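The values are calculated or read from the model by the stated rules, or taken from the named source; none is laboratory data. If you're wondering where the values come from, they're calculated on a predicted model, not measured in any experiment. No Cβ is skipped: glycine too gets one built from the backbone with ideal geometry, and neighbour counts run over all protein chains shown. Ligands, DNA and RNA are stripped out before the accessible areas are found, and what is left, the full protein with its side chains, is counted by its heavy atoms. Shrake-Rupley method; radii C 1.70, N 1.55, O 1.52, S 1.80 Å.
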Amino acid sequence: MKRVGIFVLLLPLALAAYQYEPVLLETQAKLVPRFLRMSTGVTNNVEGRLAICVVYDEGEGEVADAFASMVRTAYPDGWKGERIWIVKSRYGSLEQRCARSELLFLLNAEEPNIRRAVSFATAKRKLTVSYENRYLEDGVLISLHVGRSVRPYLNLSQAKEAGIHFSSGLKRISKLLEPPRGKR
């Protein structure tokens, strides 16, 4: 009986599938077009269109589909006269699939994949938003901070490196990533 109890406790660890919070994912789906319009310096490939690339790891395709669907549901007619175009890509092919996107929405992945996406986005002046705010330390520009309230979480030092600037209104309502000690 003791072995069965231990098995039941360890089974979720063995499955190791990350669980996304649907409400948080939907909140991010509603905010990503707004983040684009509250940022300057982002390379805009096609006038009148906001292009979002949802980047995912193997096994996360359903989450990428759900996120894309949430964006389409929130903005069925686009936003402020601009069409919203969504592309989905695995991390392995993001340079080709996301080349014409202004924003990369990064689903959870191994750290090297996140850094690769950040490097690509920084070089091409693309906005990066991640589901997990821990990726801000790897160079992602925006995530959401969940505390007493839900607020954007900004990485201003990486934004400066990428040549991207956030509006004062976005900065005012956001939590800002503190630089590591000794790098101030």
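Just checking, which of A68, A64, A99, A117 is out of contact with any strand residue (DSSP E or B) (no Cβ under 7 Å at 6 or more places or on another chain) and under 20 Å from I142 (Cα atoms)?
That would be A99, the only listed residue that is out of contact with any strand residue (DSSP E or B) (no Cβ under 7 Å at 6 or more places or on another chain) and under 20 Å from I142 (Cα atoms).
Just to be sure, is R125 over 13 Å from the mean Cα position of the chain (by Cα), more than 24 Å from Y153 (Cβ to Cβ) and touching a residue at least 12 places away in the same chain (Cβ under 8 Å)?
In short, no.
Please find, among A162, A64, A117, the residue that is within 14 Å of the chain's Cα centre (by Cα), aliphatic (A, V, I, L, M) and within 25 Å of E178 (Cβ to Cβ). Walk me through how you get there before you give the answer.
Numbers: A162 fails: within 14 Å of the chain's Cα centre (by Cα); A64 fails: within 25 Å of E178 (Cβ to Cβ).
Checking each option against the conditions leaves just A117.
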Is it true that some residue in region 137-151 is in contact with a Gly (Cβ under 9 Å, 6 or more places away or on another chain), charged (D, E, K, R) and free of Cβ contacts under 8 Å to residues at least 60 places away in the same chain? no
Scan region 108-126 for residues that are assigned to a loop (DSSP other than H, G, I, E, B) and either within 20 Å of V42 (Cα to Cα) or touching a His at 6+ places or on another chain (Cβ under 8 Å) (or both) and jot them down. R125, K126
In region 99-107, is there at least one residue being surrounded by fewer than 21 Cβ atoms within 10 Å (Cβ to Cβ) and either part of a helix (DSSP H, G or I) or within 12 Å of the chain's Cα centre (by Cα) (or both)? no
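Return yes when F35 is touching a residue at least 60 places away in the same chain (Cβ under 8 Å), open to solvent by less than 10 Å² (accessible area, probe 1.4 Å) and either part of a helix (DSSP H, G or I) or under 18 Å from Y135 (Cα atoms) (or both) and no when it is not. Step through it out loud before you land on a result.
Working: touching a residue at least 60 places away in the same chain (Cβ under 8 Å): yes; open to solvent by less than 10 Å² (accessible area, probe 1.4 Å): yes; either part of a helix (DSSP H, G or I) or under 18 Å from Y135 (Cα atoms) (or both): yes.
Yes: the conditions hold for F35.
So that you can scan it fast, the table gives a plain yes or no per residue for (1) outside any helix (DSSP H, G or I); (2) open to solvent by 60 Å² or more (accessible area, probe 1.4 Å); (3) among the polar types (S, T, N, Q):
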{"position": "T43", "(1), (2), (3)": "yes, no, yes"}
{"position": "L50", "(1), (2), (3)": "yes, no, no"}
{"position": "V55", "(1), (2), (3)": "yes, no, no"}
{"position": "V63", "(1), (2), (3)": "no, no, no"}
{"position": "R72", "(1), (2), (3)": "no, yes, no"}
{"position": "I86", "(1), (2), (3)": "yes, no, no"}
Tell me which residues, restricted to region 129-166, are open to solvent by 40 Å² or more (accessible area, probe 1.4 Å), in a loop (DSSP other than H, G, I, E, B) and among the hydroxyl-bearing types (S, T, Y). S149
Among the candidates R100, R148, R125, R134, which residue alone is among the basic types (K, R) and touching a helix residue (DSSP H, G or I) at 6+ places or on another chain (Cβ under 8 Å)? R125
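Can you confirm whether V129 is of a type in the set (V, I, T) and under 16 Å from Y20 (Cβ atoms)? Break it down stepwise before answering.
On the way: of a type in the set (V, I, T): yes; under 16 Å from Y20 (Cβ atoms): yes.
Yes, satisfied.
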